[in-house]
Amino acid sequence: FVTFGLGFICCWIHAAITYKLYKEERKSMLKLTFVLQVLVSITITVSFITFVISFASYRYQKKQGYGTKERELRSVFQSASTSEWVLAIATISYVLTFIPSFRKLEFDGFNVKFKQLATNSKTNVCLRLCNCCS
């Protein structure tokens, strides 16, 4: 639940941050990243809901003694397993949308620097996003 349940909330928050950066920077790569993040976030959300419903149905029917996962409850068990795999693959796909952002970072030991900032940007990213840093 922690990985997938809270993970899809994190995906939506990160997509909103990417959209805010796109509105400010107007870069086509950020727009493509945002669109991909929204599509993958929708897939993650639908897969999570499907997984929760089918897994709960499987557990309930198994507890009531309606059968085993090899026979009577095979379709319910397979739908839970399939949605769990789709959820895992979609989560990995979401992480791959970070590649364009990681390419803009330069690592020097423990220091992380931006390789390039926008020409009109004079402040750091945190200040531009949430105004919490000075």
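The values are calculated or read from the model by the stated rules, or taken from the named source; none is laboratory data. For clarity, every value in this text was computed on a predicted model and none was experimentally measured. Note: accessible area is taken over every heavy atom of the protein model, side chains too, but ligands, DNA and RNA are not part of it. Shrake-Rupley method; radii C 1.70, N 1.55, O 1.52, S 1.80 Å.
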- Task: Would you mind getting the accessible area per residue of the stretch 11-65, heavy atoms of the protein chains only, 1.4 Å probe, in Å²?
- Result: 65
- Cα centroids of the stretch 50-78 and the stretch 81-116: how far apart, whole angstrom? 35
- Extension gain from residue 75 to residue 106, taking 0.36 nm per residue of separation minus the Cα-Cα distance: 6.3 nm
- Under 5 Å between amide H atoms, partner at least 5 residues away or on a different chain: which partners does residue 73 have, H built in plane at 1.01 Å? 68
